[in-house]
Every structure is written in C-alpha cells, then in structure tokens.
Amino acid sequence: MSDKRNEHEYVKGLVERARKAQAVADTYSQEQVDRLSRAVGWALVQEETVERIAKFCLEETRMGTYEAKLGKLYKKVRGVLSDINPQKSVGVVEEDKETGIRRIAKPVGVIGSLIPTTQPELCPATQGMLAVKSRNAIIFSPHPRSRKTTYLVAEVMRDVLKRYGAPEDLILCAEHPTMEMSREIMEQADLVIATGGAGMVKAAYSSGTPAYGVGVGNAVVVIDETADLKEAAHNVHVSKVFDYASGCSCENSIVVQEGIYDAFIECLKEEGAYLVAEEDKPKLEKALWPQFPENHILNRDIVTQPAKRIAQIAGIDDVPDACEFILVEESGRGSEYPFSGEKLSVVLAVYKYKGFDEAVQIVNEIHAYQGAGHSCGIQSKDEEHILALALNTKTTRVMVRQPQSVGNSGDWNNGMPFTGSLGCGTWGGNIVSENITLKHFLNNTWLSVPIKGTIPSDEELFADVMKN
C-alpha cells in the first residue's frame, strides 16, 4: 500500500472518530458546553501544566523564549474564556422581535486545523476551547517540527473531556504529520482553519473545503512627531522581542517622522536596540536570506532567535551581549528590498518620512509586497493622523499607542477579541477581515416569522433623485 493510501486511511480513521464524538456533543445543552469549555481552559492555565508545555515547546522547537510561552498560555486562554463565557452557542442565541428573526446556532461538524511551528502551543489551546464551546470536533495537523508540543496540548484537553464524561475524540491530533496528511485532513474535514504562511493558506482554499485562512503578517508601525518617544520605543521593544518575534503581529518595520528620527533611534537604543552600520547591512541580509536574490526563503537558523545569535551568523562582531533587537535602516519597498518583508526575527527595518501622506504611502507599499490586510499601528496623539492611517491603508487592524503583537490578538486594555488566528480580509487572500472567534466555528439557521411590514413609498426611497 502506498504512503498516500496509508495517510488517506489514517486520516479517514481520525475523521470517523471525530464524527462519532461530535454526534454526541451535538446533543449537549448550553450549560454542558459552557462547563466543558471552562474546564478545558482551567486545565490549560494550571501552573504545572503551563510550565510543562512551555518547557517542552522550547526544547522541541528551539524557538522563542520560555517566559513568553508561559505568558501566552496564561493570558490568551483566560482572554478567550472571558470573551466566550457569556456567549450563547446552542439553540436560539439571538432574537429580533421587530424583524421576526431568530438565529439558531449549530456546529459545523469536524474542523481540520493546520498549526504553525511558531505557535504550536497557543493555537491548539485556543481553538480547542472554541471547538468544545461550539460542539464541534477538531483535528490538529501540526507542523512536523513542533508536532509533539501540539500533541501534548491536545492530550491535556482530551484528559479533561474524559474526566467530565465527554468523548475524548472531540479533540484529536495527527501524531506523525506530513504535507500529504495535512491535505487529507483539509479534504475530509467540514471546515479548515489554516494558520501560517501564504502556501498553507493557498492550500486550504484549494482543498475544496470551506476554509478560514490567516494571511502573512508584516506589521508596520508609524511613529509621528506627537508621539511620546520613550513610551513608543518601549511599546516597540515589548512587541518586537516577545517570544523572539515568533508571532505574525510583531513590528517588522517602523516608519519614523524625520524631525524625531534621531531622537527616537536613541530611545530604541535605550530599550536594548542595536543599529546596524551601513557597511554591515549586506552581511545581515545574507544571514537572513542566504539565497537572495534567487529566492526570499528565510534562513531557518535565524527565525525566532536572540539578537546576539543572529549577529554571530551575520558575522557582525560588535553587537553587545545585552542587545535585544536589531535595527536596520531601509528606504526601498518591494521584492528587491527583502528587509521590507516579514522577517520572523528580532530584526526591525527603520524608515524615515517627511509628511504624513508619505508615511501612509510607505505602509501601503510595504504591504503591497507582504502583509496586505494584516495590521499596522501608530504611536501618535494626533487624531487626524490616526484616522488617516486607518482610512487609507488596506489593513484589518490598526493599533494605536500599543505594542502591536500584544494588541492585535486581544488584550485586557483594548476591545479586540482574544484569538490565536487573525483574518486579513480579501487584501490578504482571506475570507474574513477580523479576529477568528467563536462565531466563525458556528453555522446559523435563521428562523423567520411573518411581521406587520410596510412597503416604503418612492418618495421615501428616491426623494433626492426624483427631483432631477
């Protein structure tokens, strides 16, 4: 039997188990799924469990930091639970007496979730809670490099389901994932969630199964002349170094007004940044993209690594041990300027602008190359600048005076829904232009009854144009 046939049969077995479990969950009441989702969340924030997952993840992937992985689980699990606890997901969840419409929420069935190597602990944790709350089954297809971490998280959740008398197979994880296995999961599931690079998203949308794809991140943040420079520099620092830039939301470029440029660079240096000398820029470029210009594939050895390690690979000897992130000045945008793209590292491209229209133009040109639809941000107190950036960029999220990677996916001090998956709209090749949350895990039945309606007159509809 061929490997392809073997993988087809293996996935078929997973899907059959998932469907059997989901049929049981389909009978659950709102009270049952509320309690189950809380129980799963509670298990995932226990200190011993979080520490075990974080330690295991770091040892397996050698990416990011232990402290950041602890923080992600503690914060995002609680955040997602805080969002979904009051939400209804069973039966009639909404009623509008004026229109006579009632919305009935129903599960989608079996979800196939592609998990990226950069978030093998966070994505299964948050998606697992959402699946339980929505009475779905979910099958994780992890990246081979981080498969054991995702499997461990899935096992924690399965243990909870078992203790509460629910079918464990509501949550499943492929043990030895391959590209072919991921394709099979996408084809056999009822819904796909693809969190990762452009190739993964394209494969999800080409699978023939309804899919939520998450576009490429390449966040750009504008720092204008009204910004509190020390606060802005601290926000950039916090966002850029978190988990060594493993998240798709961290700043990849900053665009700084020329009048404050030098002062802001000094503020960044005070936050632990190192500015690469012009003569060392080609070395850094070679370290990040060894085969450029033939291709733009990032060097795996620099992805989510400490700044000193990247400097050593680049052969830049004068980077101090205390350096936390690396600045490189850039002016070009597009495929000929790789620093304008996503870097998955603590390397930050720095641009300079004169008027604010130019800042908006730079953001748009960077996103035309990579990161369209994902996010941008601004450190500013000027409401006109803030609104101009939001109105004139093709982005689904604009963070104001916040660390970008912290705010995008939900934070306690903003109103963004907590999530591990960020839709980027049609700009980023995605079907949704918002954070993927509970509502995206549900089907809806719209129940309509007759109402006493009125037909509007032509005057009401066309008054302003009828005169002409």
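The values are calculated or read from the model by the stated rules, or taken from the named source; none is laboratory data. Just so we're clear, the structure is a prediction, and the values are computed from it rather than from any experiment. Glycine also receives a Cβ, built like all others from the backbone with ideal geometry; neighbour counts cover every protein chain displayed. With ligands, DNA and RNA removed, areas are computed over all heavy atoms of the protein, side chains included. Shrake-Rupley method; radii C 1.70, N 1.55, O 1.52, S 1.80 Å.
With respect to being open to solvent by 30 Å² or more (accessible area, probe 1.4 Å), farther than 27 Å from residue 200 by Cβ, without any contact (Cβ under 8 Å) to a residue 24 or more places away in the chain and not hydrophobic (A, V, I, L, M, F, W, C), residue 95 fits the description. Per the conditions (1) surrounded by fewer than 19 Cβ atoms within 10 Å (Cβ to Cβ); (2) within 30 Å of residue 381 (Cβ to Cβ); (3) out of contact with any Ser or Thr (no Cβ under 9 Å at 6 or more places or on another chain), the sole criterion not satisfied by residue 295 is (2).
Residues of the range 392-411 include at least one that is buried (at least 23 other Cβ atoms within 10 Å of the Cβ), hydroxyl-bearing (Ser, Thr, Tyr), in contact (Cβ under 8 Å) with a residue 12 or more places away in the chain and not in a loop (DSSP other than H, G, I, E, B). Are any of the residues in the range 327-334 over 29 Å from residue 302 (Cα atoms) and surrounded by fewer than 21 Cβ atoms within 10 Å (Cβ to Cβ)? No - not one qualifying residue is present in the range 327-334.
Among the residues of the range 436-460, the ones that are open to solvent by 100 Å² or more (accessible area, probe 1.4 Å) and part of a helix (DSSP H, G or I) come to 3 in all. What about residue 214, is it of a type in the set (Val, Ile, Thr), out of contact with any Asp or Glu (no Cβ under 6 Å at 6 or more places or on another chain), more than 13 Å from residue 348 (Cβ to Cβ) and in contact (Cβ under 8 Å) with a residue 12 or more places away in the chain? Yes, satisfied.
Listed here are the residues, each with its yes/no results for (1) aliphatic (A, V, I, L, M); (2) in a loop (DSSP other than H, G, I, E, B).
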| position | (1), (2) |
| --- | --- |
| 213 | no, no |
| 227 | yes, yes |
| 230 | no, no |
| 233 | yes, no |
| 237 | no, no |
| 244 | no, no |
| 249 | no, yes |
| 252 | no, no |
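The residue that is most open to solvent (accessible area, probe 1.4 Å), counting only those in the range 147-192 that are part of a loop (DSSP other than H, G, I, E, B) and closer than 23 Å to residue 39 by Cα, is 164. Screening 280, 317 for residues that are over 27 Å from residue 116 (Cα atoms) and free of Cβ contacts under 8 Å to residues at least 12 places away in the same chain leaves exactly one candidate, 317. Across the range 193-234, the number of residues qualifying as more than 22 Å from residue 130 (Cβ to Cβ) and open to solvent by less than 20 Å² (accessible area, probe 1.4 Å) comes to 10.
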